[in-house]
Amino acid sequence: MTVNQYNESVDLYADGLYRFILKSFRDEDKAKDIIQDSFEKLWIRVEEVNYEKVKSYLFTTAYHTMIDLIRKEKRLTTIELVNTDNFSHIPQTPDLQEILHAAINKLPEIQRSLILLRDYEGYSYEEIGEITNLNESQVKVYIFRARAFLKNYIGSMEAVI
């Protein structure tokens, strides 16, 4: 890959990669760090990575970097219990997007990532399998289970509206 192709890759894929990581990780600063690390890793291997496969390489690298960071944080952080009784809350009807985000956030990490790759980013089952190191059957099963959970969680549109 040439330097111009690398720069073109940054222009083409940075936004989509950021959206994917941000939806999965929900922390803007850490999402930016993951994206920066992914592009740094691409730069280090710029001679080895085929330009036609750069999108898959970037999403795979970002996904694995995100998983590594999640595992690291689970080991380092302790959960503090907060007494929520002291907070005031004004009941508000959530909009459909908030309900969908809440439902997606309740999914297990692997299912959430697969749903985001398939439904938000438009990857095929085969491409998702390459990114996540799962076979195509596993990808389909996880996505089916995630969609079933989302359907049960959200319920009918009439109940939401």
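The values are calculated or read from the model by the stated rules, or taken from the named source; none is laboratory data. None of the values given here were measured: they were computed from a predicted structure. When we count neighbours, we look across all protein chains shown, and the Cβ atoms used for this are built from the backbone with ideal geometry, even at glycine.
Data table
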quantity	calculated
Selection status of V46, part of a loop (DSSP other than H, G, I, E, B) and either of a type in the set (A, V, I, L, M) or surrounded by 15 or more Cβ atoms within 10 Å (Cβ to Cβ) (or both)	yes
Residues of region 3-35 satisfying the condition of being over 24 Å from N105 (Cα atoms), exposed (fewer than 14 other Cβ atoms within 10 Å of the Cβ) and free of Cβ contacts under 8 Å to residues at least 40 places away in the same chain	N4, N7, D11
Tally of residues being in contact (Cβ under 8 Å) with a residue 40 or more places away in the chain and in contact with a Phe, Trp or Tyr (Cβ under 6 Å, 6 or more places away or on another chain) across region 122-157	1
Residue match in region 117-132 (condition: farther than 22 Å from E52 by Cα and more than 14 Å from the chain's Cα centre (by Cα))	no
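Residues checked against (1) under 20 Å from I128 (Cβ atoms); (2) of a type outside the set (D, E, K, R); (3) modelled with pLDDT of 85 or more; (4) not assigned by TED's automatic domain parsing to the domain that holds R112:
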site: D11; (1), (2), (3), (4): no, no, yes, yes
site: R26; (1), (2), (3), (4): no, no, no, yes
site: Q36; (1), (2), (3), (4): no, yes, yes, yes
site: R45; (1), (2), (3), (4): no, no, yes, yes
site: E48; (1), (2), (3), (4): no, no, yes, yes
site: S56; (1), (2), (3), (4): yes, yes, yes, yes
site: T60; (1), (2), (3), (4): yes, yes, yes, yes
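Matching residues to (1) at negative phi; (2) surrounded by fewer than 17 Cβ atoms within 10 Å (Cβ to Cβ):
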residue: L116; (1), (2): yes, no
residue: Y123; (1), (2): yes, no
residue: E126; (1), (2): yes, yes
residue: G129; (1), (2): yes, no
residue: N133; (1), (2): no, yes
residue: Y142; (1), (2): yes, no
residue: A146; (1), (2): yes, no
residue: L150; (1), (2): yes, no
residue: Y153; (1), (2): yes, yes
